[in-house]
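What follows is a single structure, written as structure tokens, with notes after it.
Where a number appears in this text, it was derived from the coordinates with a stated rule and is not lab data. Fair warning: this is a prediction, and the values are worked out from it, not measured in the lab. Here the Cβ positions follow ideal geometry from the backbone for every residue, glycine too, while neighbour counts run over all protein chains shown.
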Amino acid sequence: MSDAGPQRVSGSTLGNDPAGATMDEPRFESFGGHSGEYWLRNCRGFEVRSADGHKLGTVIDVLFEKRSDRPDYLITRRGIVRVRTERIDVDRLRTVHPEQRRIVLRAAGEAPPPT
């Protein structure tokens, strides 16, 4: 990829996971037989919540920058009258719950799951 900045990808699934590419298992809940990578790539419309349960917004897009098979950032939108967007690094994710269409972020200072 070029260094021209993040690549925006919208819409459909990006295809099969490459051999050996998996997310840390503690970060994802299994749902429908799809991998954590699948849900991370296809989380548009998922609600984003802080570690203490406050709603932070809704995922409107995912950005791929370093790799084409795993997003680097989630773009979220919040507000109705004063709409704001925020870019969230996927390394801040604690869990993804596909059955609830919800993503929970780690608390400040919380260590990432072991790899």
Inset, instruction - Could you grab me the full set of residues in the stretch 83-92 that are assigned to a strand (DSSP E or B) and over 16 Å from L105 (Cα atoms)? - result: R84, T85
Inset, instruction - Name every residue in the stretch 83-100 that is under 14 Å from G45 (Cα atoms) and in contact with a strand residue (DSSP E or B) (Cβ under 6 Å, 6 or more places away or on another chain), in order of residue number. - result: T85, V96, P98, E99
Legend entry - Filtered residue count, the stretch 62-82, keeping only those that are under 20 Å from R106 (Cα atoms) and not hydrophobic (A, V, I, L, M, F, W, C): 7
Legend entry - Residue pairs meeting the criteria (Cβ under 6 Å; at least 6 apart or on separate chains; first touching a residue at least 60 places away in the same chain (Cβ under 8 Å) and over 18 Å from D89 (Cβ atoms), in the stretch 47-64; second assigned to a strand (DSSP E or B) and not basic (K, R)): none
